[in-house]
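Report on one structure; see the data block that follows.
A short reminder: the numbers here are calculations on the coordinates, not readings from a lab. These numbers come from a predicted model, not from an experiment. With ideal geometry, Cβ positions are generated from the backbone for all residues, glycine too; neighbour counts draw on all protein chains shown.
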Amino acid sequence: MDHDAKKSMILAAAEVGADRRARLSCAKAFALSKQYDISLEEIGLICDEAEIRISTCQLGCFK
């Protein structure tokens, strides 16, 4: 899967909040990583690039 396809898949999984910002839950990031065999680091980098915030972090790192 190329970078653009990964980015599109992550954007599709993200939800837009009332503040019109895209968010991806930590649990969804883990699920996408496992399902598509993409490292969490790469998912994080793509989220940064696309200005998608990680939410409801299982470790409490992101809110």
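Rounded to the nearest Hz, the phi-derived 3J(HN,Hα) couplings of the range 37-50 under the Karplus curve 6.51 cos²θ - 1.76 cosθ + 1.60 (θ = phi - 60°) are 6, 10, 5, 4, 4, 5, 4, x, 5, 5, 4, 4, 4, 8, where x marks glycine and proline. Dividing the mean sequence gap of close Cα pairs (under 8 Å, 6+ apart) by how many residues the chain holds gives a relative contact order of 33 percent. Within the shell defined by Cβ-Cβ distances under 12 Å, the residues around Glu15 carry a net charge of +4, with Lys and Arg each +1 and Asp and Glu each -1. So which aspartates and glutamates pass the test for Lys7, namely a Cα distance under 13 Å, with those fewer than 8 places away in the same chain ruled out? Qualifying aspartates and glutamates at Cα under 13 Å: Glu42, Asp48, Glu49, Glu51.
Between Ser55 and Leu24, Ser25, Cys26, the built amide H atoms are under 5 Å apart, and every one of these is 5 or more places off in sequence or on another chain. Here the chain is treated as an ellipsoid with the same Cα gyration tensor; its semi-axes, largest first and in whole Å, are 17, 14, 9.
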